[in-house]
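The values are calculated or read from the model by the stated rules, or taken from the named source; none is laboratory data. On a predicted model such as this, the values are computed, not experimentally measured, just so you know. Here Cβ is always computed from backbone atoms with ideal geometry, including for glycine, and neighbour counts include all displayed protein chains. Side chains included, ligands, DNA and RNA excluded: accessible areas come from the protein's heavy atoms. Shrake-Rupley method; radii C 1.70, N 1.55, O 1.52, S 1.80 Å.
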Amino acid sequence: MSVDPNAATQGGFGPPPATGDHRRPHPARYLVPALVAAAVAVGLGVYGKTHDPEGTAFNLAGFSSTSAVKAWLGTTAFAFALVQVGSAFMVYGRLPGPSWSAALHRWSGRIAFLVSVPVAVHCLYALGYQTYSTRVMWHSLLGCFFFGAFSAKMLLLRSEKLPGWLLPVIGGLVFTVLTVIWLTSALWFFRTFGVTT
């Protein structure tokens, strides 16, 4: 079953309905989310670089280390991001899906974001923005970029008359960045120390 991407209950998915107004949207509509994204990314990077890392911020019972907690939380966020991608294809009618595909898309995104927040807090507070290796440099850079791009996506979701391609492109960018973050952290941890808690 495919979902109508123009349905009003889709929460911003799909192209806007035709209204007869063929004027192009004002560029400021895109400038504000872009500026917010840049401010979030740069702000996180500056904070991570300028404060003194504390070494640790949290640990959970049952886990051997903070790194193990972060690896599993990061993997959980990545798994929900995969659900996001699949449900986005359903919402846009590219894959068959149930009538609740849009709700699945929204909730998997919320869960992925919420699970990623403690990981980001630990990375920034306990470790800071580091560049001592190529892997760590890309992880630090893309971690900051992810939260900036995510902020822009959230702001654009409520905008009207967006080009139909814009949200899928931004969503794909956010997913791609999260994938590289996962590869340079959780997957690296599991390959280096084993799949352990």
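The number of residues in the range 5-52 being out of contact with any Pro (no Cβ under 6 Å at 6 or more places or on another chain) and either modelled with pLDDT of 90 or more or surrounded by 13 or more Cβ atoms within 10 Å (Cβ to Cβ) (or both) comes to 29. Looking at this structure, is ILE170 part of a helix (DSSP H, G or I) and modelled with pLDDT of 95 or more? No. Applying the set (1) open to solvent by less than 40 Å² (accessible area, probe 1.4 Å); (2) modelled with pLDDT of 90 or more; (3) β-branched (Val, Ile, Thr) to VAL83 leaves exactly one unmet item: (1). Looking at (1) part of a helix (DSSP H, G or I); (2) touching a Ser or Thr at 6+ places or on another chain (Cβ under 9 Å); (3) open to solvent by less than 80 Å² (accessible area, probe 1.4 Å), which is the one condition that is false for PRO118? Answer for PRO118: the failing condition is (2). Residues that are in contact with a helix residue (DSSP H, G or I) (Cβ under 8 Å, 6 or more places away or on another chain) and among the aromatic types (Phe, Trp, Tyr) were ranked within the range 147-197; the one that is farthest from ARG110 (Cα to Cα) is PHE193. Note on the range 140-167: among residues that are open to solvent by 40 Å² or more (accessible area, probe 1.4 Å) and part of a helix (DSSP H, G or I), the one that is nearest to ALA186 (Cα to Cα) is LEU141. TYR125 meets all of the listed conditions (1) open to solvent by 30 Å² or more (accessible area, probe 1.4 Å); (2) farther than 25 Å from VAL169 by Cβ; (3) in contact with a helix residue (DSSP H, G or I) (Cβ under 6 Å, 6 or more places away or on another chain); (4) in contact (Cβ under 8 Å) with a residue 40 or more places away in the chain but one, namely (3).
In the range 137-149, the residues that are without any contact (Cβ under 8 Å) to a residue 40 or more places away in the chain reach residues that are outside any helix (DSSP H, G or I) and not aliphatic (A, V, I, L, M) with C-beta atoms within less than 8 angstrom, at least six apart or across chains, in these pairs: MET137/GLN130; MET137/THR131.
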